[in-house]
Amino acid sequence: MSSIKLIGLRKDFGQETVIPDLNLEIHDGSFTVLVGPSGCGKSTTLRIIAGLEKPTAGEILIDGKNVADVPPGKRNLAMVFQNYALYPNMTVRSNIEFGLKNKGIVKKKRDALINEVCEIVGLSPYMERKPGNLSGGQRQRVALARAMVKKPRVFLMDEPLSNLDAKLRASMRIELIELHKRLQTTFVYVTHDQVEAMSMGDSIVLMNEGVIMQHSSPKAIYHDPQNVFTARFIGTPPMNVFEGMLEDFSVGFRPEKVLFEKPEDVKHLVINGKVITREQLGATINYSVETKYGMMMVHTDFDTEQTKCTFYVPVSALFLFAKDGTRCAFSDTQLKTLLKL
Amino acid sequence: MDAKASPLKSRCWWTGLLSHLKGYLLISPAIALLCIFTIYPIFWLIHSSLYDGSLISKKRNFIGLGNFTTLWNSIDFSQTVWNTVIYSVGLVIALMILSTLVAVWLNGKMQKRLNSLTLAAIFTPHIISLVSVSTIFLWLFDPKIGAINYVLTLFGLPNCPFLASSKTALFSLVLMMIWKGLGYYTLLTMAALQGVPKEIYEATAIDDVPKIRVFFRITLPMISPTLFFSTIVCTINSFQVFETVNLMTMGGPVNSTNTLVFQIYSDAFKYLRLGLASAEGVVLLAFVVVLTVVYFAFLGKRVHYQ
């Protein structure tokens, strides 16, 4: 159990600055997810916490102690890699045991620890196999077990589910959430998948080009995005953000907040358009609609084959953003006057 | 076999051959060359090892295993075999250890430019002709005017007779071949090292595994298929050492650098004892066959990639 604090972190790769100036506080026992598009510096941040990458400048505090010069092995943390990084020439047991042996733990205690974690992740029948003879999901479990057995202060995970198929990924997601509940340890999890981030994290750090765009709970990041980037990154399809309706602001609304029946009691926008494409997802449908403000996405269970359509957006579902992309908070009454409704 | 396939198969055995005729035609030149220049000579070698006879006379008598008995009882020949084995084992062990160490060193976080410079420097001897190398080393090794002894003298060290003494001649040849072969085997090992995923080393860093343990438990097993390949190739090559012996020592002094292939050459073309030379050839063949079999037997077990 540990808190992590990054202060004034900077990382250059040669001439290129990947992270200009990062300040981040990860609370003890939290499940923090670093999410963002590829190349946003999330993995680099994780690797700096792990000690695999040296920061160009800045401090890394774990439990208040600067660990910038402490080698990775002495930081008392564990890491799960994207491609698992298992030792291919060792059995499952040896893979898990390898880190313990170096800590000088006696054989009897090692066996007890290994059996305990293998019970949890369900590896017991495969102990004498080599990684080459395991499926992707099983390898993932070995990587998890190897991390767990060390009882680290912090778990670092670098896109651990991205090599699994969709079904397995969904079930592993739930298992990881359960694991976090059981262990109560700090988890730092890197992913580019917003669904993973939203469903697993209790604290989400959204990054872009080495800068934190927003750090908040999944609920807040969805309902209260602080900038256009956050608003458009979280949510599928992304939020519609368009200009031309107001002079100084761009207006946004989420595709799933659209109504096809005219609401009687609430103020709303009315938008006319032409349906260009239609994706039947099952219960719901995605339409892309051409309007006078540009292309818009609509996500609804309203089923129509017509090309011409009119939809309504309640004022409470609208977001306003300034020209520089930052969110401008307005009350519904202010919005009504602005939009002259 | 399903019912449809069996009448086709039973129609005639040569329909299969006929339908693949084009393929067989295309490989026939290669097969013919292989038969003429490799397969046939092997049988001819075994055949003539059972006769006495010489290169200049057509008359020869069947003597069964007589040539082999002669070899078995010859102290000189056992010395030759022994020399070859010592030379090969010494060279292989030295080359494998040194090339692995150099490869690991060059693969580390050093100056990139310095690394490629070093690699180029140690690889260059590999592309120099063995004849030139031998000539150069004849001079370098010279006990009186040689450069190596000159350097030794500068540091106040005793001079070494190198090729002039039966005690150091074989060792000198090994030394020269290490110089020549190091770059090649280092390059092979480096390629293997670069095939080890970086994340595995990162995992060991997080597991706090000491460097020396990482080398023996991770690196070495991961590159073992390449090391094994190098070992076998190097052994087979060293068993057939000839040029250096012929150019530098002629098997001397006092038979101390006489090796199998040089012995075969001497017996066949100097003493014209073709039968005996063939028998020696069979002995060499046996050594190489055993090594190759060992290589293929172990190769399958040594691979543990995913």
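The values are calculated or read from the model by the stated rules, or taken from the named source; none is laboratory data. Quick caveat: nothing in here was measured; it's all calculated off a predicted structure. Neighbour counts run over all protein chains shown; Cβ positions are idealised from the backbone, glycine included. Side chains included, ligands, DNA and RNA excluded: accessible areas come from the protein's heavy atoms. Shrake-Rupley method; radii C 1.70, N 1.55, O 1.52, S 1.80 Å.
How do A:184-191, A:244-251, A:267-274, A:233-240 rank on mean C-beta neighbours within 10 Å, highest first?
On the way: A:184-191: 22.9, A:244-251: 14.1, A:267-274: 15.9, A:233-240: 19.5.
Packing proxy ranking, top to bottom: A:184-191, A:233-240, A:267-274, A:244-251.
With θ set to phi - 60° and the Karplus curve 6.51 cos²θ - 1.76 cosθ + 1.60, what are the ³J(HN,Hα) couplings of the stretch A:199-213 in order, to the nearest whole Hz, using x for Gly and Pro?
After applying 6.51 cos²θ - 1.76 cosθ + 1.60, I find 7, 9, x, 9, 8, 10, 10, 9, 10, 8, 6, x, 10, 6, 7 Hz.
Taking the Cα centre of the stretch B:75-302 as origin, sum charge times position over the Cβ atoms of Lys and Arg (+1) and Asp and Glu (-1), and report the length of that vector in debye to the nearest 20. Show your work: numbers first, answer last.
Working: 14 positive and 9 negative charges, 77 e Å.
Charge dipole of the stretch B:75-302: 360 debye, to the nearest 20.
Residues in the stretch A:248-278, backbone N under 20 Å from the label point at A:M295 (7 Å along the Cα-to-beta-carbon vector): list them, ranges by number please.
Within reach of a label on A:M295, which here means backbone N under 20 Å from a point 7 Å along Cα→Cβ, the stretch A:248-278 contributes A:251-258, A:271-278.
Averaged over peptide A:86-94, how many Cβ atoms belonging to another chain are found within 10 Å of each residue's Cβ? Mind dumping the intermediate values first?
Working: counts 5, 11, 9, 9, 4, 0, 0, 0, 1.
Shielding by partners across A:86-94 averages 4.
Based on DSSP, what percent of beta bridges with both residues in chain A are antiparallel, to the nearest 5?
Details: 50 of 68 bridges.
Expressed as a percentage, antiparallel bridges in chain A total about 75.
What order do B:F228, B:F162, A:F330 take when sorted by accessible area (1.4 Å probe), most exposed first?
Details: B:F228 35, B:F162 10, A:F330 70 Å².
Final ranking, largest accessible area leading: A:F330, B:F228, B:F162.
Specify which residue in the list B:G281, B:L114, B:T292 is farthest towards the positive end of the charge dipole of the stretch B:75-302, using unit charges on the beta carbon of Lys, Arg (+1) and Asp, Glu (-1), about the Cα centre.
The residue sitting most towards the positive pole is B:L114.
Give me the accessible area of A:R129, 1.4 Å probe, in Å² rounded to the nearest 10.
About 100 Å², rounded to the nearest 10.
Counting only residues 5 or more places away or on other chains, whose amide H sits under 5 Å from the amide H of A:M213 once H atoms are built in the peptide plane?
Here the answer is A:L206, A:M207, A:N208, since their amide H atoms fall under 5 Å of that of A:M213.
Please list B:D52, A:D21, A:D158, A:D265 from largest to smallest accessible area, probe radius 1.4 Å, with all protein chains kept in place.
Numbers: B:D52 60, A:D21 95, A:D158 20, A:D265 140 Å².
Reading off the accessible areas and sorting them downward yields A:D265, A:D21, B:D52, A:D158.
Among the DSSP beta bridges whose two residues both lie in the protein assembly as shown, what percent are antiparallel, rounded to the nearest 5? Write out the running numbers ahead of the final one.
Details: 52 of 70 bridges.
Looking only at bridges with both residues in the protein assembly as shown, the antiparallel portion is about 75 percent.
Within 10 Å, count the other beta carbons around each residue, average over each peptide in B:84-97, A:163-176, B:253-266, and list them highest first. Kindly include the intermediate steps, with their values, before the conclusion.
On the way: B:84-97: 18.4, A:163-176: 14.6, B:253-266: 20.8.
Order by mean packing, descending: B:253-266, B:84-97, A:163-176.
Using a 10 Å cut-off on Cβ to Cβ distances, tally the other chain neighbours for every residue of A:142-153 and report the average as a whole number.
On the way: counts 0, 1, 0, 0, 3, 3, 0, 0, 3, 0, 1, 0.
Counting other chains' Cβ atoms within 10 Å and averaging over A:142-153 gives 1.
Whole Å is fine, so just give me how far the alpha carbon centre of the stretch B:235-249 lies from that of the stretch A:112-189.
Going from one Cα centre to the other spans 56 Å.
Per DSSP helix of 4 or more residues, -39500 (n - 2.57); summed, then divided by the residues of the protein assembly as shown. What does that give at 222 nm, rounded to the nearest 500? Present the calculation step by step, with values, prior to reporting the outcome.
Numbers: 24 runs with 298 residues, N = 647.
-14500 deg cm²/dmol, from helical runs alone.
Taking a probe of 1.4 Å, how large is the accessible area per residue of the stretch B:75-302, in Å²?
50 Å²
Roughly how many nanometres apart are two label points built 7 Å out from the Cα toward the Cβ at A:K267 and A:D193?
4.2 nm
A:S331 versus B:I212, label points 7 Å from Cα toward the beta carbon: distance in nm?
That separation, rounded to one decimal, is 7.4 nm.
When a/c reaches 1.5 or more, the comparison of a/b and b/c decides; with that in mind, is the protein assembly as shown rounded, prolate or oblate per its Cα gyration tensor? Each step should come with its number before you reach the end.
Values: a/c = 2.94, a/b = 2.14, b/c = 1.38.
Prolate, because a/c is 1.5 or more and a/b exceeds b/c.
For the protein assembly as shown, which whole percent of the accessible surface, found with a 1.4 angstrom probe, sits on carbon and sulfur atoms?
On the way: 20730 of 33720 Å².
Its accessible area is 61 percent carbon and sulfur atoms.
What does the buried accessible surface come to for A and B, summed over both chains, with the probe at 1.4 Å? Round to 100 Å². Write down the numbers at each step before the final one.
Details: alone 16640 and 19140 Å², together 33720 Å².
Chain pair A/B: roughly 2100 Å² of buried accessible area.
About the Cα centre of the protein assembly as shown, how large is the charge dipole given +1 on each Lys and Arg Cβ and -1 on each Asp and Glu Cβ? Please answer in debye to the nearest 20. Intermediate results must be reported in sequence, preceding the final value.
Details: 64 positive and 49 negative charges, 368 e Å.
So the magnitude is around 1760 debye.
Filter the trypsin sites (Lys or Arg not before Pro) in the stretch B:51-116 to those in DSSP coil with at most 16 other Cβ atoms within 10 Å of their Cβ, and list the result. Mind dumping the intermediate values first?
On the way: sites: B:K58, B:K59, B:R60, B:K109, B:K112, B:R113; in loops: B:K58, B:K59, B:R60, B:K109.
Sites meeting the loop and neighbour criteria: B:K58, B:K59, B:R60, B:K109.
Just how far, in whole angstrom, is the stretch A:265-321 from the stretch B:88-108 if you go by their alpha carbon centroids?
69 Å
B:I36 to B:V254: FRET efficiency via 1/(1 + (r/R0)^6), r the Cβ-Cβ distance, R0 35 Å, to the nearest 0.05? Show your work: numbers first, answer last.
Values: r = 40 Å, r/R0 = 1.16.
Working from the Cβ atoms, E equals 0.30.
Go through A:H27, A:H215, A:H299 and list them by solvent-accessible area, largest first, probe radius 1.4 Å.
Working: A:H27 115, A:H215 75, A:H299 40 Å².
From most accessible down to least: A:H27, A:H215, A:H299.
Using a/c under 1.5 as the rounded threshold, could you call chain B rounded, prolate or oblate? The axes a ≥ b ≥ c are square roots of the C-alpha gyration tensor eigenvalues, and prolate needs a/b larger than b/c, oblate otherwise.
Details: a/c = 2.35, a/b = 1.08, b/c = 2.17.
In terms of gyration-tensor shape, oblate.
Let me cross-check B:W14: its accessible surface, 1.4 Å probe, with only protein heavy atoms counted, in Å² to the nearest 10?
B:W14 has an accessible surface of roughly 120 Å² with all protein chains in place.
Using only the Cα atoms of chain A, build the gyration tensor, take square roots of its eigenvalues as a ≥ b ≥ c, and label the shape rounded, prolate or oblate: rounded if a/c is under 1.5, else prolate if a/b is larger than b/c, else oblate.
Numbers: a/c = 2.87, a/b = 1.85, b/c = 1.55.
Verdict is prolate for chain A.
At B:W14 and B:H47, where each label point lies 7 Å from the Cα along Cα→Cβ, what is the point-to-point distance in nanometres?
Distance between label points: 2.8 nm.
Please compute, for peptide A:69-81, the average count of beta-carbon atoms on other protein chains lying within 10 Å of each residue's beta-carbon.
Per residue, the number of nearby Cβ atoms from other chains is 3 on average.
Past 20 Å, Cα to Cα: identify those pairs from A:K262/A:K323; A:K74/A:K101; A:K65/A:K101; A:K74/A:K150, in the order given. Can you show the working numbers first?
On the way: A:K262/A:K323 31 Å; A:K74/A:K101 15 Å; A:K65/A:K101 26 Å; A:K74/A:K150 12 Å.
The pairs that break the limit, which is 20 Å between Cα atoms, are A:K262/A:K323; A:K65/A:K101.
Around B:T70, with a cut-off of 14 angstrom between Cβ atoms, what is the net charge of the other residues, counting Lys and Arg +1 and Asp and Glu -1? List each step's numbers first, then the result.
Numbers: positive: B:R273; negative: B:D52, B:D76, B:D267, B:E280.
Spelling it out: positives minus negatives among the neighbours equals -3.
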